[in-house]
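Q: My structure is below; once you've seen it, I'll send some questions.
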Amino acid sequence: MELSKLKDKALRDIAKIDSVERLEALRIHYLGRKGEVTKLFTTLPKLNEEERKIRGQELNVLKREIEKVLLARGKTLEHEKLGTLVKAEKLDVTLPGARPSLGHLHITSQAIEEISRIFAQIGFNRVRYPEIDWDYYAFESLNMPKGHPARDEWETFFMPWEHPRLGRMVLTPHTSNGQVREMERRKPPIRMTNIAKCYRRQSDISHVPMFHQFEGLLVDRAVSVANLKGTLDYFACAFFGPDRKIRLRPFHFRFTEPSFEVDVSCGVCGGTGFVFNPSQPPLNLRGEEQSEPPLRLRGGVGELQERCRLCKSGWLELGGAGMVHPNVLKAGGLDPKEWRGFAFGWGVERTYMMKAGLRIDDIRVLYSNDLSFLEQF
Ligand code: DAH
């Protein structure tokens with residue numbers, strides 16, 4: 001090919017190139033070791049001296065020209081590339097930002113924070129005790145000696161280690177293990193909350209094998225059931241709302257005497273056990289259906305009402321409480337003639353669900369990491 005034609009072709013090719021990478025390929029095509037121009041240099045030895053000199057010079061001029069144009073095109077392309085980059089990456093501060101999706105605390109953690117804060121306000125400081133503890137703290141020191149049938153109810157996970165004095169190691173089935181530990185740690189007056197994980201051999205729609213409890217313990221000189229009731233009333237108002245009430249029912253626990261089951265008035269029906277529902281056949285206050293629906297609005301027997309589906313009775317069961325048993329005080333190194341105390345222990349998950357008026361069909365969903373459920377709280 002004529003050198004001028006080759007040059008024209010090369011310049012046209014270079015002008016058409018639109019990327020630095022393709023420009024490099026083109027350079028190799030013309031000037032590389034086997035390139036179009038390089039190839040021509042190999043023909044030089046065949047010429048006589050005179051011709052070789054002229055042809056050699058022409059080829060060098062051609063080569064340099066192509067190199068020059070390649071270089072210039074390269075610069076232009078670099079510039080253009082930078083230009084588009086700048087355009088693409090320009091920060092427009094006036095555009096609305098993309099919100100990153102934010103996580104939040106799990107409902108159980110939210111409840112734990114709130115419960116600790118409420119008790120901290122009346123001087124109960126939060127302590128932490130082992131969630132894997134010796135039998136002694138979980139049972140024996142709480143007036144539940146080995147072989148006592150009450151211990152069967154706890155459905156405990158036992159660990160393969162045993163201490164000669166403290167017995168077997170267990171995954172704590174309740175937070176009451178903190179009671180004697182706290183008495184051993186410091187002198188009264190004691191006001192503590194122990195909020196921790198608990199474990200029991202149970203898994204069904206209303207039980208999970210790992211759940212949380214919060215335990216309260218107060219030990220002082222003149223402590224009575226009235227103090228316990230007052231503290232629980234305070235908690236109910238602070239946590240559930242000012243119109244909620246606490247009720248103590250006699251019960252039995254080995255580590256308290258007297259012992260109580262604690263109920264809170266239902267937030268859905270206001271503690272009456274009935275809710276207004278015009279689409280349901282009316283019930284009387286004994287929950288029996290009334291044949292003649294007297295058309296009266298809310299306010300008394302005979303109104304259009306149905307049994308509250310959350311509580312069925314006006315009250316929701318929270319957990320246990322009582323006056324610390326003298327044997328437990330003794331185990332903690334305290335003289336029961338000098339010191340008295342009250343304690344209570346409830347489930348965190350259960351208490352939270354009662355606050356929210358939640359009826360979760362299967363409580364295991366709390367710990368199944370299902371975001372569509374958890375994001376609602
Ligand atoms: N530990 C009991 C349980 O898990 C609850 C309990 C009852 C705790 C009475 C207490 C108490 O502190 O006084 O069922």
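Q: In the chain, which helices (entire DSSP H runs) extend 30 Å or more along their own long axis, judged by Cα positions, while averaging at least 1.6 on the Kyte-Doolittle scale?
A: Flagged H segments: there are none.
Q: Also, I was wondering about something else. May I ask you to derive the FRET efficiency for Glu36 and Lys197 from their Cβ-Cβ distance with R0 = 51 Å, giving the value to the nearest 0.05?
A: 0.05
Q: What's the carbon and sulfur percent of the chain's accessible surface, probe 1.4 angstrom, rounded to a whole number?
A: Accessible surface attributable to carbon and sulfur in the chain totals 54 percent.
Q: Quote the Stokes-Einstein diffusion coefficient, in whole µm² s⁻¹, for region 3-88, based on the Kirkwood radius over alpha carbon pairs, a temperature of 37 °C and a viscosity of 0.692 mPa s.
A: The estimated diffusion coefficient comes to 233 µm²/s.
Q: Using helices alone, I'd like the mean residue ellipticity at 222 nm for the chain: each DSSP H run of four-plus residues gives -39500 (n - 2.57), total over residue count, nearest 500.
A: -11000 deg cm²/dmol, from helical runs alone.
Q: Set Lys and Arg Cβ to +1 and Asp and Glu Cβ to -1, take the dipole of the chain about its Cα centre, and tell me which of Leu105, Ile360, Pro209 lies farthest positive.
A: The residue sitting farthest along the positive end of the dipole is Leu105.
Q: Within region 49-80, what residues put their amide N at less than 20 Å from the label point 7 Å along the Cα-to-Cβ vector of Leu6?
A: Counting only backbone N, you get 49-71.
Q: Filter the GluC sites (Glu not before Pro) in region 323-377 to those in DSSP coil with at most 11 other Cβ atoms within 10 Å of their Cβ, and list the result.
A: Taking region 323-377 and a limit of 11 other Cβ atoms within 10 Å, the loop GluC sites (Glu not before Pro) found are Glu338, Glu375.
Q: Here's a follow-up. Using 0.36 nm times the number of residues separating Ser101 and Glu21, minus their current alpha carbon distance, what extension gain do you get?
A: Length difference between fully extended and current span is 24.9 nm.
Q: If you add up the charges near Leu248, with Lys and Arg at +1 and Asp and Glu at -1, over every other residue whose beta carbon is less than 15 angstrom from its beta carbon, what do you get?
A: Local charge sum for Leu248: 0.
Q: Calculate the FRET efficiency for Glu131 and Phe373 from the Cβ-Cβ distance with a Förster distance of 35 Å, rounded to the nearest 0.05.
A: Computed FRET efficiency for Glu131 and Phe373 comes out at 0.90.
Q: Please give, to one decimal in nm, the separation of the simple spin-label points placed at Arg55 and Asp243, each 7 Å out from Cα toward the Cβ.
A: 10.8 nm
Q: Which whole-number value in Å² is the accessible area per residue of region 11-130, probe 1.4 Å?
A: 76 Å²
Q: Follow-up question, since we're still on this one. With charges set only on the Cβ (+1 for Lys and Arg, -1 for Asp and Glu), what does the dipole of the chain come to about its Cα centre, in debye to the nearest 20?
A: Dipole magnitude for the chain comes out near 1340 debye.
Q: Report the gain in length on full extension from Arg165 to Gln110: 0.36 nm times residue separation, minus Cα-Cα distance, nm rounded to one decimal.
A: Net length gain for the segment: 16.0 nm.
Q: Out of Gly56, Ile195, Cys266, whose Cα points farthest toward the positive end of the dipole of the chain (charges: +1 Lys, Arg; -1 Asp, Glu; placed on Cβ)?
A: Gly56
Q: Another question, if that's okay. Among Thr38, Leu77, Ile14, whose Cα lies farthest out toward the positive end of the dipole of region 8-82, if unit charges sit on the beta carbon of Lys, Arg (+1) and Asp, Glu (-1)?
A: Thr38
Q: A follow-up question, please. For region 323-377, report the accessible area per residue in Å² (1.4 Å probe, heavy atoms, rounded to an integer).
A: Result: 51 Å² of accessible area for each residue.
Q: Okay, next question. Once you've got the GNM for the chain with C-alpha springs shorter than 10 Å, pick whichever of Val37, Val348, Val170 has the biggest mean-square fluctuation.
A: Judging by the Gaussian network model, the answer is Val37.
Q: So in the chain, which Cys have no other cysteine's beta-carbon sitting under 4.7 angstrom from theirs?
A: By the Cβ distance rule, which asks for a partner under 4.7 Å, the isolated cysteines are Cys198, Cys237.
Q: Near Lys16, which lysines are there with a Cα under 30 Å away, not counting those fewer than 8 places off in the same chain?
A: Lys5, Lys7, Lys34, Lys39, Lys63, Lys68, Lys75, Lys81, Lys87, Lys90
Q: Under a Cβ-only charge scheme (Lys and Arg +1, Asp and Glu -1), can you give me the dipole magnitude of region 90-141 about the Cα centre, in debye to the nearest 20?
A: With Lys and Arg at +1 and Asp and Glu at -1, about 480 debye.
Q: Then there is this: Taking Rh as the Kirkwood radius computed over C-alpha pairs, what is the Stokes-Einstein D of the chain at 10 °C in a medium of viscosity 1.306 mPa s, expressed in µm² per second?
A: The calculation lands on 57 µm²/s.
Q: Within region 1-71, report the trypsin sites (Lys or Arg not before Pro) that DSSP leaves as loop and that have at most 16 other Cβ atoms within 10 Å.
A: Arg33, Lys34
Q: Tell me the trypsin sites (Lys or Arg not before Pro) within region 116-191 that lie in a loop according to DSSP and have at most 12 other beta-carbon atoms within 10 Å.
A: For trypsin sites (Lys or Arg not before Pro) across region 116-191 that sit outside H, G, I, E and B with at most 12 neighbouring Cβ atoms in 10 Å, the list reads Arg128, Lys146, Arg165, Arg186.
The values are calculated or read from the model by the stated rules, or taken from the named source; none is laboratory data. These numbers were taken from a predicted model, which means no experiment stands behind them. Don't worry about glycine lacking a Cβ; one is built from the backbone with ideal geometry, like all the others, and counts go over all protein chains shown. Calculation scope for accessible area: heavy atoms of the full protein, side chains included, ligands and nucleic acids excluded. Shrake-Rupley method; radii C 1.70, N 1.55, O 1.52, S 1.80 Å.
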